[in-house]
1. Limited to the range 33-90, what total is found for residues that are small (Gly, Ala, Ser) and over 22 Å from Ser126 (Cα atoms)?
2. Identify, by number, the condition in (1) in contact (Cβ under 8 Å) with a residue 12 or more places away in the chain; (2) closer than 27 Å to Asn110 by Cα; (3) not small (Gly, Ala, Ser) that Lys5 doesn't meet.
3. Taking Phe55 as the residue in question, decide whether it is open to solvent by less than 70 Å² (accessible area, probe 1.4 Å), farther than 30 Å from Leu187 by Cα, of a type in the set (Phe, Trp, Tyr) and at pLDDT 90 or above.
4. Cβ-Cβ under 6 Å, sequence separation 6+ or interchain: first residue in the range 169-187 and assigned to a helix (DSSP H, G or I), partner open to solvent by less than 100 Å² (accessible area, probe 1.4 Å) and among the polar types (S, T, N, Q). Which pairs?
5. Would you be able to say whether some residue in the range 156-167 is assigned to a helix (DSSP H, G or I), at pLDDT below 95, open to solvent by 60 Å² or more (accessible area, probe 1.4 Å) and not polar (S, T, N, Q)?
6. Just to verify a result, which residue in the range 16-45, among those that are hydroxyl-bearing (Ser, Thr, Tyr) and closer than 23 Å to Lys63 by Cβ, is least open to solvent (accessible area, probe 1.4 Å)?
7. Just one of the numbered conditions (1) in contact with a Gly (Cβ under 8 Å, 6 or more places away or on another chain); (2) open to solvent by 90 Å² or more (accessible area, probe 1.4 Å); (3) farther than 17 Å from Gly24 by Cα is not true of Lys173; which one?
8. Quick check: anything in the range 23-43 small (Gly, Ala, Ser), farther than 30 Å from Ile180 by Cβ and at pLDDT 95 or above?
Amino acid sequence: MARKKEYNESEVVEKAMNLFWRNGYETTSMQMLEKEMGINKFSIYSSFGSKHGLFLESLNCYKTKVNEILEKFKNADNGIEDVKQFFYDSVNINYKGFHQKGCLVTNTYNEFSESEDELIKEQMGSFMEHLKSLIIEKLKTDTSKSEELVLKQANYLLLAKHGLAAASRVNSKQEIEDYIEMTFYNL
């Protein structure tokens, strides 16, 4: 007969997510996970199959947390101003209780850019394509822009978002706000 879990799975996944967010996948050891999550290695393997399985669950947990920001962005109707607000909202998560550095998706995207891990690459690619499609949708509200210009600006803003996530790991809140303002200055 299987033993009943003595922990809340969503709570331990969130603890693992925060640890991966702070340290990255490679730097996070099973011992660190055990300590952070408050459960033993057997329980981690039993519930998630592996460190990799736990990491995938952590990414899903993160996406659920940022989904509110994405939904707000998706449902807004002020074009380029919505993209700018999304930039602000995405960095404000660092100043509203999470106290992490950067974006877990961008950090993971960077960490796994040279990896052969198809599951991670697929998740990251899917997330980035979704974000790019939302940006394109907002840019298209300005009907004076050609399709070509919209695509170029979307690529620029997606790269700027990556830069913003990286900068938010080390720069002050004021420097980040200046970065956002200058990103949108000529758009």
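1. As a first pass, look at the range 33-90 and keep what is small (Gly, Ala, Ser): 38, 43, 46-47, 49-50, 53, 58, 76, 79, 90.
Filter once more, so that each one left must be over 22 Å from Ser126 (Cα atoms): 38, 43, 46-47, 49-50, 79.
Qualifying residue count for the region: 7.
2. Of everything listed in (1) in contact (Cβ under 8 Å) with a residue 12 or more places away in the chain; (2) closer than 27 Å to Asn110 by Cα; (3) not small (Gly, Ala, Ser), Lys5 misses just condition (2).
3. Yes; evaluated as a whole, the condition is true for this residue.
4. Close Cβ pairs satisfying both conditions: Ile176/Ser168.
5. Among the residues of the range 156-167, at least one is assigned to a helix (DSSP H, G or I), at pLDDT below 95, open to solvent by 60 Å² or more (accessible area, probe 1.4 Å) and not polar (S, T, N, Q), which makes the answer yes.
6. For the range 16-45, the residue satisfying everything is Thr28.
7. With respect to (1) in contact with a Gly (Cβ under 8 Å, 6 or more places away or on another chain); (2) open to solvent by 90 Å² or more (accessible area, probe 1.4 Å); (3) farther than 17 Å from Gly24 by Cα, Lys173 is out only on (1).
8. Yes; the residues of the range 23-43 include at least one that is small (Gly, Ala, Ser), farther than 30 Å from Ile180 by Cβ and at pLDDT 95 or above.
The values are calculated or read from the model by the stated rules, or taken from the named source; none is laboratory data. These figures come from a predicted structure and were not determined experimentally. Methodologically, a virtual Cβ is constructed for each residue, glycine included, from the backbone with ideal geometry; neighbour enumeration extends over all protein chains shown. For accessibility, only protein heavy atoms count, side chains too; no ligands or nucleic acids. Shrake-Rupley method; radii C 1.70, N 1.55, O 1.52, S 1.80 Å.
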